[in-house]
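Asker: To start, I am sharing the structure in question, which I have written as structure tokens.
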Amino acid sequence: MNLLTAVLALPLIGFLVAILLPRSSPQASRVWALASSLITLVASLGLLVWFDRGTAGEQFMVDVPWISTPNIHFAISANGVSLWLVLLSTFLTPLCVLISWNSIKDRVKEFFAFLLMLEFGLVGVFLAQDLFLFYVFWEVSLVPMYFLIGIWGHDRRIYAAVKFFLYTMAGSVLMLAAIIYLYNKTHTFSYPAIMQMLLNGHLRFAAGEQMLLFLAFFLAFAIKVPLFPLHTWLPDAHVEAPTAGSVMLASVMLKMGCYGILHFCLPLFPSAARTCAPWIVVLAIIGIIYGALVAMVQPNMKKLVAYSSVSHLGFVVLGVFSFTQQGLDGAVYQMLNHGISTGALFLLVGYLYERRHSLEISAYGGVATPAPNLAIVFLIATLASIGLPMLNNFIGEYLVLQGASYASFPATVFAALGVILSACYMLWLYQRTFYGKTSESLSHHMPDLSGREWAAILPLLLLMLWMGSYTQTFMPPISAQNARILDLSKQRVAQSPPVMPAVREVANAR
Amino acid sequence: MPANLFPTGVEYFRILPEMILTIAGVLVMFMEAVFTNDDQRKIFGPFSIVALLAALIASLSASGDPGAAFSNMLIIDGFASFFRALVIAVGVIAILSSTEYLHRERSAGGEYYALILFSIVGQCVMVTANELIMIFIGLEISSISSYVLAGYLRDDPRNNESALKYFLLGSFATAFLLYGVAWIYGLTGSTNLDHIRGALQTSTPPLALAGAAAALMFVGIAFKISAAPFQIWAPDVYQGAPAPVSGFLSVGPKAAAFAILLRVFMTAFGPIASHWQPIVWSCALASMVVGNFAAIQQSNIKRMLAYSSIAHAGYILVAVTADSTTGSAAAMFYLAAYAFTNLGAFAVVTYFSRKGEKYVSIDDFAGLSQRQPAMAAMLTVFLLSLIGVPLTAGFFGKFYIFKAVLDANEVWLAVLGLLNSAVAAYYYLRVLVAMYFKDPGGAMDTLDAPGIGLKIAVYASALGTLVLGIFPGWVLDIATRAALK
């Protein structure tokens, strides 16, 4: 058992212990959840220490047979991209425990148990190297989130929870069909083995076959990202979820889809990905602009942040489907950035909600006067989200736009509109919430940040600055892994039967 | 035919389970007449369970020495042993979940246990039969006991309706089966499955007539497995019958009927597979669609589970369509997975419904997680398994089935089936929504903790569901070895 197994097993142990704790003592559940998630965080930081940043490819490999027929292995490993996504999950879980400390009053034990189970599922998704195992974790992460939204959410929580479950399920059954199809063709679920077969030519897809397989995988991922027009579950789920649920959903769960596209779709089905790229890029750009425009007119803060996610995630997809080093680097960086800054925004909206019990922007105004620290912190998160230089999102957006410009300059122009629009809706939100005249009722219910609240938000702010000003800490493993993905995805473009000659020429020209 | 008037010892050994169960059933009837005081009558349940466990052991030991019995009328091969163990295990859980119910309804008679035992004897004969007449006899023993069980609470009009419907439609369907048997005998001169196969391989009989005979038999069996378009009876019968009986009917007789479907169609009708496959294909798709879309509309949980069982019959028919070893193994695994899952779900419904089955609406489950968290958690496991979420038995069941059909290049059936399972998630989630997301309603006021028998039934089913979901290889390996070739 190596460190990576421990990082995966710790949340599971945390979950199992959490369901055994007595219901009568909620404090025990809180303390256990915090302790368990902190231990997992420490273990995952260990990964960072021992991760060999110089080399691309999978590290900390574990491969143990699980089921003999069909041949399913418990195979996990980390690469330069998944490493950071795992860290994002393990880093945000303790913060979510902190912010739920007082706000969750009902069924405390179950809440923290589900949170830990969610962490287990998420970490598993990013580490699984066996397609079957990947699917298992993909579904396992669905169940706790369903309960988190459904039990502890707001008024329309049931509708949101069911919609969330069914959308994801509908996409993932097609992915399951594709996974089984691949198995019947290759007799293995091992992703590295399948890649190897593709590279040495033992496995070939006919053009139509490759396209259908790509679409089956892509649809499951696109729903999760979410890509316009499959995004409609997201505003509901985000708005209705409790704060911790929104944070985990926005910051980590959406990245499952992005990671899936990057890790599986591109290397496995390069020709189909390139054939579909123009369409996907158009959808991504529609998502960027549409998400921003809809965000602008939202009267509800959480909904505004949710639609801003649709916009931001459009950048990730745009970057990935530019098939350039900069585009991919930017996309992955943007995945992390969005995790940090949107996570922070949801967290801060949660703070406001705990004070005023309203998510309507009109219920606020002049909050900066009674709560100056909250205002400052919110401002930093806002500026990060709109991509101010020196803060994290700037780097990601810049790289995505640069990568996209190599592929298609008009796409870049349209996407850049999204950056401008994001400044509009975020600053307008800030203005309406924190400036203006403080109403009498508001000023009494607006204490400034407490120590616990500081503890949850401060790490996020530091990371925004760090990621925005010193990318060297984060970027080298990401770049190395992306170069490898591009390499895997490029090598066979020439070999595969031409799907569309024009696309092939463009791809070769790069 | 080598007339072996006096069967040898090993043949008795091979049908020991049936003998044990028959004797036990008769003894229970005898005790029913003799025992008058209530304390004595409490022995029926434990006695039946002991008999079933003895039969299980006998069945497992008989599987070590496979072979034919009684002039080749019965065959105790791996396939038969798998199903025999399965239906006997189903009987154990069904009885565990019934005792409390019968006590509650003040009708703890011995005949209930005897009927369950006889029904299982019938199912054992069905799964071991190597011959059409034996199949018919087994089917009748099982069905007639089931008809009576469905109407067990004879003062309850719903029970009467259920039993009458089941009996009339069931007899009608059995007549189809018998008519098919007669045709086959007329065409091939034999009722032995291997002889029929041989006759069809040489294709002396006209194909149209053989096809018609197969179709007639399929109608009879499709009724028993509640596959569309022969599913109309299932919702009414499951809703009207006592809850533990519904649970039993949805898995025991169904598993045995699937066993004969697999055996007859893969052995005897194997040579004309390309002709019956399209029919089974359409029935599979129709069952999934009808079951799932009708289940969405239901507000009564027993009715919902009835429609869900139609849909699940559809999934298993998908595996039959593959007409392969992997398909047969997948169907066997699925039936085992479904047995644990559905028995567990019905056991929780049995527990929850209370006297007179007052609380069987899905809305009544509101807030169960707050009053009886353990029972709610167990029902969650069963529902997730019915949806097919990984790490539960239902997931691997679906997985193996869709893998088998993709192996057989039936891509579209697999895709349609998988999409159906996404639709199914919706109605199972409604129960989860009620249990976890709604506040306790009036139905919670009179809810007591479950009794010991029910608890064992529920936990054992949940354990089975999870073990099959995490270590499916144990059962799948057995199923693959035992599957029909």
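All of the numbers you see were taken from the coordinates with simple rules; none came from a lab. Keep in mind that this is a model prediction, so the values were computed, not measured. No Cβ is skipped: glycine too gets one built from the backbone with ideal geometry, and neighbour counts run over all protein chains shown.
Asker: Cα-Cα over 32 Å: which of A:Lys303/A:Lys490; A:Lys224/B:Lys254; A:Lys109/B:Lys42; A:Lys255/B:Lys302; B:Lys42/B:Lys302?
Answerer: Violating the 32 Å Cα-Cα cut-off are A:Lys303/A:Lys490; A:Lys224/B:Lys254; A:Lys109/B:Lys42; A:Lys255/B:Lys302.
Asker: A follow-up question, please. Taking the Cβ-Cβ separation of A:Leu16 and A:Leu417 as r and a Förster radius of 45 Å, what is the calculated FRET efficiency to the nearest 0.05?
Answerer: 0.40
Asker: What FRET efficiency do you get for B:Val26 and A:Asn184 if R0 is 60 Å and r is their Cβ-Cβ distance, rounded to the nearest 0.05?
Answerer: 0.75
Asker: Follow-up. Can you give me the Cα centroid spacing of region A:432-450 and region A:204-265 in angstrom?
Answerer: 38
Asker: At q = 0.10, 0.17, 0.24 Å⁻¹, what is the base-10 log of I(q)/I(0) for region B:150-254 according to the Debye formula with one equal point scatterer per Cα and no solvent? Please give it to two decimals.
Answerer: Calculated log10 I(q)/I(0) at the listed q: -0.38, -0.77, -1.15.
Asker: Taking every Cα atom in region A:3-509, find the radius of gyration and the maximum pairwise distance Dmax, and write them in Å.
Answerer: 21.9, 73
Asker: Follow-up. With angles folded into 0 to 90 degrees, how steeply does helix A:142-152 sit against the dominant principal axis of chain A? Use alpha carbons for both and round to 10.
Answerer: 10
Asker: Students often get this wrong: which residues of region A:124-142 have the backbone nitrogen under 18 Å from the point 7 angstrom along Cα-to-C-beta of A:Ala9?
Answerer: A:124-125, A:127-129
Asker: Quick check on chain A: helices-only [θ] at 222 nm, where DSSP H runs of length 4 and up contribute -39,500 (n - 2.57) each and the sum goes over total residues. Nearest 500, please.
Answerer: Computed ellipticity for chain A at 222 nm equals -24000 deg cm²/dmol.
Asker: Cut-off is 10 Å between beta-carbons; in what order do B:Ile141, A:Ile395 appear when sorted fewest neighbours first?
Answerer: Arranged by neighbour count, lowest to highest, B:Ile141, A:Ile395 become B:Ile141, A:Ile395.
Asker: Can you tell me the mean projection area, over all orientations, of the convex hull of the protein assembly as shown's alpha carbons? Units nm², please.
Answerer: One quarter of the hull surface, i.e. the mean projection, equals 41.4 nm².
Asker: Please compute, for peptide A:159-170, the average count of beta-carbon atoms on other protein chains lying within 10 Å of each residue's beta-carbon.
Answerer: Shielding by partners across A:159-170 averages 4.
Asker: When each pair of different Cα atoms in region B:1-155 is counted once in the 1/r mean, what is the Kirkwood radius in angstroms, to one decimal?
Answerer: The Cα-based Kirkwood calculation yields 16.0 Å.
Asker: Sticking with the crude label model, points 7 Å out along Cα→Cβ, report the distance from B:Phe293 to B:Ala175 in nm, one decimal please.
Answerer: Those two pseudo-labels are separated by 3.1 nm.
Asker: Using a Förster distance of 30 Å, how high is the FRET efficiency between A:Asp52 and A:Arg204, based on the Cβ-Cβ distance and rounded to 0.05?
Answerer: 0.35
Asker: Moving on. Helix A:108-127 versus the longest principal axis of chain A: what is the Cα-based angle in degrees, 0 to 90, to the nearest 10?
Answerer: So the inclination is approximately 30 degrees.
Asker: Okay, moving on. Regarding region B:258-359, what whole-number volume in Å³ per residue does the convex hull of its Cα atoms give?
Answerer: Each residue corresponds to 90 Å³ of Cα convex hull volume.
Asker: Against the 2.2 N^0.38 Å scaling, with N counting residues, where does region A:314-413 land? I'd like the Cα-based Rg ratio to two decimal places.
Answerer: My calculation over the Cα atoms of region A:314-413 gives 1.31.
Asker: Apply the a/c threshold of 1.5 to the C-alpha gyration tensor of region A:231-301 and tell me whether it is rounded, prolate or oblate.
Answerer: Oblate.
Asker: For region A:188-264, which trypsin sites (Lys or Arg not before Pro) are in a loop by DSSP, counting at most 14 other Cβ atoms within 10 Å?
Answerer: In loop regions of region A:188-264 (DSSP not H, G, I, E or B), the sparsely surrounded trypsin sites (Lys or Arg not before Pro) are A:Arg204.
Asker: While we're on this one: Let a ≥ b ≥ c be the square roots of the eigenvalues of the Cα gyration tensor of chain B; is it rounded (a/c under 1.5), or, if not, prolate (a/b larger than b/c) or oblate?
Answerer: It comes out oblate by the Cα gyration axes.
Asker: May I have the convex hull volume per residue, in Å³, for the Cα set of region B:134-176?
Answerer: Measuring per residue, one finds 42 Å³ for the Cα hull of region B:134-176.
Asker: Okay, moving on. Considering only DSSP states other than H, G, I, E and B, which trypsin sites (Lys or Arg not before Pro) in region A:1-80 qualify as loop sites with at most 16 other Cβ atoms within 10 Å?
Answerer: A:Arg23, A:Arg53
Asker: Rank the residues A:Val49, B:Val289 as a footprinting-exposure proxy: fewest other Cβ atoms within 10 Å of their Cβ go first.
Answerer: Arranged by neighbour count, lowest to highest, A:Val49, B:Val289 become A:Val49, B:Val289.
Asker: Let me know the shape class of region A:158-306, please: from the alpha-carbon gyration tensor, a ≥ b ≥ c as square roots of the eigenvalues, rounded when a/c is under 1.5, otherwise prolate if a/b is greater than b/c, or oblate.
Answerer: Prolate, since a/c reaches 1.5 and a/b exceeds b/c.
Asker: Sticking with this structure for a sec: Could you give the length gained on full extension between A:Gln431 and A:Thr369, defined as 0.36 nm per residue of separation minus the Cα-Cα distance, in nm?
Answerer: Result for the pair: 21.0 nm of gain on full extension.
Asker: Which length gain, in nm to one decimal place, applies between B:Leu466 and B:Ala212 when the Cα-Cα distance is subtracted from 0.36 nm times their residue separation?
Answerer: Here the answer is 87.2 nm.
Asker: Pulled fully out, how much extra length does the chain show between B:Arg158 and B:Asn409, if you take 0.36 nm times their separation in residues and subtract their Cα-Cα distance?
Answerer: Computed gain between B:Arg158 and B:Asn409 is 85.8 nm.
Asker: Roughly how tilted is helix B:473-482, in degrees to the nearest 10 and between 0 and 90, from the longest Cα axis of chain B?
Answerer: It is inclined by approximately 30 degrees.
Asker: Run the simple label-point estimate for A:Lys105 and A:Arg452 please: 7 Å along Cα→C-beta, distance reported in nm.
Answerer: With each label point 7 Å from Cα toward Cβ, the separation is 1.3 nm.
Asker: Which whole-number percentage describes the relative contact order of chain A, with Cα contacts under 8 Å and a sequence gap of 6 or more?
Answerer: 16
Asker: Excluding A:Phe434 itself, what net charge comes from residues whose Cβ is under 14 Å from its Cβ, given Lys and Arg +1 and Asp and Glu -1?
Answerer: Residues near A:Phe434 contribute +3 overall.
Asker: Taking each residue of B:472-485 in turn, how many C-beta atoms of other protein chains fall within 10 Å of its C-beta, and what is the average?
Answerer: Mean number of neighbouring Cβ atoms from other chains: 2.
Asker: Same structure again: Mean residue ellipticity at 222 nm from the helices of chain B, using -39,500 (n - 2.57) per DSSP H segment of n ≥ 4 over the full residue count, to the nearest 500 deg cm²/dmol?
Answerer: My calculation for chain B gives -25000 deg cm²/dmol from helical runs alone.
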